[in-house]
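The values are calculated or read from the model by the stated rules, or taken from the named source; none is laboratory data. This structure is a prediction, so every number in the text was calculated from the model and none was measured. Cβ coordinates were reconstructed from backbone atoms using ideal geometry, including for glycine residues, and neighbour counts include every protein chain displayed.
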Amino acid sequence: MDDTRTDTGVLDGGQVLPLVAVVLMVALGAVLMLARLAPLVDDAAQAQTAADAAALAGAAEGRDAAVEFAHANGGVLVDYRRDGSVVQVEVRVGHASADASARVRVDWVAVHRAG
């Protein structure tokens, strides 16, 4: 290693090594934090998908269908409410939960033609 002295007589070699060590530790900390957050983000996305599917199924076919679709998408139906034509659900996947709602809409022209 080429040690050089500054004008004050202090050795100038080896100053980059502590800086590199600090940068590597910060980078390692960031990677570890991202590794811990990734499953939570995945659970949240899966919970929203399961809630959307459960709300649509619940609006079309009732509570049993909402439970089935929530389970098929990896979730558990926590809450199911029907208020007239609006269905609201809450689904939990892992540590995440999501809400969704759907509205039943009847196409009266198609019903009238069929009947």
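Annotations
- The range 71-100: number of residues that are in contact (Cβ under 8 Å) with a residue 12 or more places away in the chain and exposed (fewer than 12 other Cβ atoms within 10 Å of the Cβ): 2
- Failed condition for residue 106, given (1) surrounded by 13 or more Cβ atoms within 10 Å (Cβ to Cβ); (2) not in a helix (DSSP H, G or I): (1)
- Residues located in the range 31-70, provided they are over 14 Å from the mean Cα position of the chain (by Cα), within 15 Å of residue 97 (Cβ to Cβ) and in contact (Cβ under 8 Å) with a residue 40 or more places away in the chain: 54, 55
- Residues satisfying the stated conditions in the range 76-100, i.e. outside any strand (DSSP E or B) and either modelled with pLDDT of 95 or more or among the hydroxyl-bearing types (Ser, Thr, Tyr) (or both): 85
- Every condition in (1) at pLDDT 90 or above; (2) not in a strand (DSSP E or B) is met by residue 35 except one, and the failing one is (1).
One line per residue, one yes/no per condition, for (1) part of a helix (DSSP H, G or I); (2) modelled with pLDDT of 80 or more; (3) surrounded by fewer than 10 Cβ atoms within 10 Å (Cβ to Cβ):
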{"residue": "14", "(1), (2), (3)": "no, no, yes"}
{"residue": "58", "(1), (2), (3)": "yes, yes, no"}
{"residue": "69", "(1), (2), (3)": "yes, yes, no"}
{"residue": "102", "(1), (2), (3)": "no, yes, no"}
